[in-house]
Structures are given as structure tokens and as C-alpha cells.
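Okay, so here's the structure we're looking at.
The values are calculated or read from the model by the stated rules, or taken from the named source; none is laboratory data. Keep in mind the model is a prediction, meaning the values are calculated, not measured. With ideal geometry, Cβ positions are generated from the backbone for all residues, glycine too; neighbour counts draw on all protein chains shown. Areas reflect the complete protein model, heavy atoms only, side chains present, ligands, DNA and RNA absent. Shrake-Rupley method; radii C 1.70, N 1.55, O 1.52, S 1.80 Å.
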Amino acid sequence: MSQGYRNDELSLFSTAYLINRRKKNFIWIIFAQTFHSYSSINFKNVDRDYILNCLKSTPLLKFRLGYYGGHDLIPEYEYDWITESPRQSNFIQNTILSNQITFDFRIFPDTQNFPKDPFPNAPVKKLGIPHELTGRDLSIALIDFWVSCSFLDITGRVKLVKQIRTLWENYTQFDKQFDWFKKDDPEARRHEFWKWLRMKEPLNIAHLPSFQNHDELLSFFDQFNWNRLYQSDLMRRFKNTWNQQQLRARTKGKKQCNFVLSVKTAAKLKNLAEKYDMDRNQIIELLINDEAENETYIRERISRRKPLLELPESTE
């Protein structure tokens, strides 16, 4: 291992010989934001020497790395809420690109040291987002670069991350109403819901691909300006349709029968169902099918009663 690496251009950013994944993604963002052509290069396949040669041949990249990377990164645990969800990644990206975050000055006690505008104008450019950087890696790299553009110390940058987290939590606070789709056979539920929507909302979804997972289902609702009441009504109507479909599937090949049992017999039927952890219909079907196949119980009862019925009547 060459010791010369410890004093090269990357030593401004990392004293270690190897650059960890997060720092490499951060460098990738800095390069792509500086020169958009780097957004089409996959840094997952490049080594330290490639990055070093770029810094040596392009002074502006070296300057930008020193400027944006010349401070400690936000602690990793501050990002424990970030997942691989493409939906979350899109939210974070759009939030940062919009450059319209309203900063809550109440979270900064020392407002004298808080700049009136903590960021330069539109610090993150869409064209400078690497194509091959996705999911959680992209979310963290974008935030790392975004907060590095601010005029805040590490405490202020951490608070900005907390603000983005709060925005995300507010954005997803109604997601629980869609947890129904995670229950038994979620793939079938999503598939049937999509077919149902194509009939109910043909103009809105005709040009859209169907959702393949729960994250895409939630993203589907994000893109429409449907209010919460309408979303709830859609869910209610489809649940009714789904429940009717399931009922028809369960009763296929079956016929409803209405009969009256004595109170004692009904109680016995209930006890049998509880004892064997079966429903009452199953108990009845089991007994009837068994008797129809073996013809033992009813035949025996009849054979016992027949001699009694044939006894001569008393002449007294």
C-alpha cells in the first residue's frame, strides 16, 4: 500500500486510504454537480486512482471537494429513517430541488448566527444527479451535498436534516389507511385494485403502468390531487368489491340451507366446533358426508326404532 496516498488531494476529504461508500457517493455528487457529464459515469466502478486523477487534472473539482467536503459529515444515525424506498428517494429529491423549504427559525436558538438565507440560490441541479445513484445511497448523498452548501455548522446542518425528516413524516402520516393491501395475498389485492381502478378512473390511469409493489401503490396516490375523503371513499368501495369477490369464491359450489335446530342441539353443535377448532358448517358437512359414505349411524338408529314401531298395540 502506497503511503503517498495519505498526502494526496483526497487527504483533504479522507485521511484513510480507502474511501467508504458514503464518502464516495458524496464525491460523485460533487463532481456531477460541478460538471454534469459526471452524472453519466458510474462511480461504483471507479477506484481511488480515477478520482485522484480527476482532481489533479481539474483544479475546480479539487476546489469544490475542499469547499463542500472540508467539514465532518452528519453522523450516520441521523439517517436511520431513510430506506431504499424509491418513493422516499423521490420525495427527498423533489424537496431539495424545489428549493422552497421553509426554515423553522425556532429550532435555531442562536438566531443571530443563523443566516437569513442559509443557502445560495438553487444549490442542487437536477442535471447533476448521477443516473446510477439510487435509493438510500442517493437520498443520503443528496442531503449530504445539500447541507454542505449551507452556511451552517454541524449543529445547524443536523437540524436541517431533522426538518426534512419531519416533512417526510408529515407526508406519510396517512399511509396507514393503505395497510389493508398488505394483508392476505397482497399481490392479488393490488392486481384486483388496479383492474377495478381502470373501470372507475379510466381517464386518470389509462397512460400509467400498474403498480407492482406497495411502494408503487403509495406513489400512485401521490401523483393525483385527490383529497383524503375521496381516497377513503375509493378504499371503502373497493373493499366492498373485494369482500364480495372473496365471498363468491368461498361459496362456489355451495348452496345456502336454512334449518332450525333445538336449543340443546345448537349448543352441542357450538361445543363441537369450539372443541375441534372448526366452524359449524364444517362440522355439519363432515357428519353428513361421513354418514352418506358409510351409512352406519342413521341405519342403526332406524333399525333400533323399527322393532319398537312394529310392536302390537295394547288391547287393555
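Computed quantities for the displayed model
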| item | result |
| --- | --- |
| Within region 124-150, considering residues that are of a type in the set (S, T, N, Q) and surrounded by 20 or more Cβ atoms within 10 Å (Cβ to Cβ), the one nearest to ILE74 (Cα to Cα) | SER148 |
| Set ASN225, ASN213, ASN258, ASN243: member being closer than 22 Å to PRO86 by Cβ and modelled with pLDDT under 90 | ASN225 |
| Output for region 20-66, where each listed residue is closer than 20 Å to ASP144 by Cα, in a helix (DSSP H, G or I), aromatic (Phe, Trp, Tyr) and open to solvent by 40 Å² or more (accessible area, probe 1.4 Å) | PHE63 |
| Sole exception among (1) of a type outside the set (Ser, Thr, Tyr); (2) at pLDDT 95 or above; (3) open to solvent by 60 Å² or more (accessible area, probe 1.4 Å) for ASN94, by number | (2) |
| Hits in region 190-217 - residues which are in a helix (DSSP H, G or I) and open to solvent by less than 60 Å² (accessible area, probe 1.4 Å) | ARG190, GLU192, PHE193, TRP194, TRP196, LEU197, ASN204, ILE205, HIS214, ASP215, LEU217 |
| Answer from PHE174, PHE259, PHE221, PHE178 - the residue that is touching a residue at least 40 places away in the same chain (Cβ under 8 Å) and open to solvent by 70 Å² or more (accessible area, probe 1.4 Å) | PHE174 |
| Top-ranked residue in region 67-87 [being acidic (Asp, Glu) and in a helix (DSSP H, G or I); ranked as nearest to the chain's Cα centre (by Cα)] | GLU78 |
